[in-house]
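J.: Got a structure for you, written out below as structure tokens; questions coming shortly.
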Amino acid sequence: MASTKLVFSFIVALFLISLLPPSHAASHSDFEDSKIASSINSQMVNLSVYYEALSPSCATFIIQNLTGVFDDDLITITNLRMVPWGNAHVNETDNTIICQNGRDECSLHKIQACAINVWNDVDKYYALIHCIEFLVIDGKHSDWQSCFNSLGLSEEPILECYNNGTGAKDYGDFTTYICSSYKGKVKPNACKSST
């Protein structure tokens, strides 16, 4: 009963999130002509997936369901935004990130956030996320670095991002990100104090 309720809540959340405008359109190699890409982007479906890197149910969703977006060529009409955060939160005492499934999950969140930020290419970063989540299902998440070799991707820029703390900074100040992206004329109080 509880798992059915959770799955239903997840689907409703995904639907509602898909109605929001994207923070940035994911680039896809099929869109060479900027005029065509601009026209198509306005008609694309926005899909944001918030997930926990070590959650078996999230890993199963990414491996079994979300892969269909690529397999069925739906990615050509989808702005896919992956958010490795899930049930994590920031400890207000020392500003550290606490992940529901422990330190390993926080590390994987940072690695995946770095891949998203460094590559900014949905095909590349989804391939890495898919590989890592497959290892999660197999109980081998500690072998995540093997994904770079098996996919032919360079791990250096991702590890540099991870080691310099950039992967964690992305979560630090949502207010600044939201306020800097907001284009409306009337700013809420939170945006007045963050500028």
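J.: At a 10 angstrom cut-off on C-beta neighbours, averaged per residue, how do the peptides 46-54, 97-105, 180-188 rank from highest to lowest?
T.: In decreasing order of mean packing, 46-54, 97-105, 180-188 become 46-54, 97-105, 180-188.
J.: Sticking with this structure for a sec: For the range 49-195, what are the per-bin percents of Cα-Cα distances with bins 10 Å wide, up to the bin holding the maximum?
T.: Over the range 49-195, the share of Cα pairs per 10 Å bin runs 11, 37, 34, 15, 3, 0 percent.
J.: What distance in nm separates the two pseudo spin-label positions at residue 164 and residue 43, each 7 Å out from Cα along the beta-carbon direction?
T.: About 4.0 nm, to one decimal.
J.: Would you calculate the separation in nanometres between label points at residue 92 and residue 190, each defined as 7 Å from the Cα along the Cα-to-beta-carbon direction?
T.: The modelled label-to-label distance comes out at 1.4 nm.
J.: Also, quick follow-up: Distance in nm between label sites at residue 182 and residue 145, each 7 Å beyond Cα in the beta-carbon direction?
T.: Taking the simple label geometry, residue 182 and residue 145 are separated by 4.3 nm.
Read-outs: derived from the displayed coordinates by stated rules, not from any lab. No experiment lies behind these values; they were computed from the predicted model shown. Note that each Cβ is placed from the backbone with ideal geometry, even for glycine, and that neighbours are counted across all protein chains shown.
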